[in-house]
Amino acid sequence: MEGKMIDENGLRIDGRKVDELRPIKIEAGVLKRADGSAYVEWGKNKVLAAVYGPRECHPRHLQDPSKALVQCKYNMIAFSVSDRKRPGPDRRSVEISKIISEALEYVVFTEYFPRTSVDVYIEILQANAGTRCAGLTAASVALADAGIPMKDMIPSVAVGKIDDQVVLDLCKEEDNYGQADLPIAVVPRTGDILLMQMDGHMTLDEFNKAMEYGFGACEKIYQLQKDALKRRYAVEDVEGLEEEAPREQQDMEG
Ligand code: CDP
């Protein structure tokens, strides 16, 4: 990589410190016809997650008589990236869908819903690195919003290495030109790691530092996930009332 990505004051190209997250906003319950949904803005990433089910699994030969399947489809829309992406699944999206499905399946009490499928759609509307983490973070809020019994939500974040330094939450430039990228996802309640991938190289000391940053950030993201759900249910009461009574009637009622 030519040029430095961390300046003499220890700040990164977007002004963040090495252990600083990008700004994250999470909103739960954004889609009326989904059983559960969430919208996440994470730096310049914009991600929508929708959950449908548990519903009868089709095709039927996929049904498991002992548990539900959790089937995630991660999709990047064509203009979410600077070079238009060819629509439809590719190797990358199939891989990401698989690892997210496996992580979610671990936390959902699938044995409560035999023969069904819990379908999770993740749409990347705008991408700027870390979309699998933002997608998984959104999907677990959407699952909770759908009222699906689960052990915990899953916060997720990428850690990496640039200019020989460990950094938290890589943005696009850092992801492209950095030395390592290490997305993780954890179960906060138990500390279990549900996703870990690694692109590039790190020493053991760097890896340990990366885990320290990653786990710390996951605690913060977990708090944002819980806050989003709390806000969702505070708002829903008001919306529910409005929906029941037509406008004139509401006016009459004052
Ligand atoms: O998004 P994430 O970091 O989980 O996955 P990645 O494969 O490491 O991709 C990093 C970033 O590269 C994405 O977030 C996009 O911003 C960008 N990308 C792209 O520009 N075109 C693609 N076809 C795929 C990814």
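The values are calculated or read from the model by the stated rules, or taken from the named source; none is laboratory data. What you see is a predicted model; the values in this text were computed from it and never measured. Reconstructed Cβ throughout: ideal geometry from the backbone, glycine too, with neighbour counts over all protein chains shown.
Which one is nearest to the ligand (Cβ to nearest atom), of the residues in the stretch 44-85 that are basic (Lys, Arg) and surrounded by 13 or more Cβ atoms within 10 Å (Cβ to Cβ)?
Among those residues, the one meeting the criterion is Lys85.
From (1) surrounded by fewer than 17 Cβ atoms within 10 Å (Cβ to Cβ); (2) without any contact (Cβ under 8 Å) to a residue 40 or more places away in the chain; (3) over 23 Å from Asp192 (Cβ atoms); (4) not hydroxyl-bearing (Ser, Thr, Tyr), pick out the condition that doesn't hold for Glu41.
Among (1) surrounded by fewer than 17 Cβ atoms within 10 Å (Cβ to Cβ); (2) without any contact (Cβ under 8 Å) to a residue 40 or more places away in the chain; (3) over 23 Å from Asp192 (Cβ atoms); (4) not hydroxyl-bearing (Ser, Thr, Tyr), the lone unmet condition for Glu41 is (1).
Against the condition surrounded by 13 or more Cβ atoms within 10 Å (Cβ to Cβ), modelled with pLDDT of 95 or more and in contact with a Cys (Cβ under 6 Å, 6 or more places away or on another chain), how does Val120 come out, does it pass?
Here the answer is yes, as Val120 does meet what is asked.
Are any of the residues in the stretch 173-182 loosely packed, with under 15 Cβ neighbours inside 10 Å, assigned to a strand (DSSP E or B) and at pLDDT 95 or above?
For the stretch 173-182, residues loosely packed, with under 15 Cβ neighbours inside 10 Å, assigned to a strand (DSSP E or B) and at pLDDT 95 or above: absent.
I need the full set of residues from the stretch 66-89 which are within 17 Å of Ala139 (Cα to Cα) and either in a strand (DSSP E or B) or of a type in the set (D, E, K, R) (or both), in order please.
Leu69, Val70, Gln71, Cys72, Lys73, Tyr74, Asn75, Met76
I'm told Arg55 meets every condition in (1) assigned to a strand (DSSP E or B); (2) under 19 Å from the mean Cα position of the chain (by Cα) except one. Can you identify the failing condition by its number?
Of everything listed in (1) assigned to a strand (DSSP E or B); (2) under 19 Å from the mean Cα position of the chain (by Cα), Arg55 misses just condition (2).
Which residue, of Val141, Val167, is in a strand (DSSP E or B) and touching a residue at least 40 places away in the same chain (Cβ under 8 Å)?
Val167
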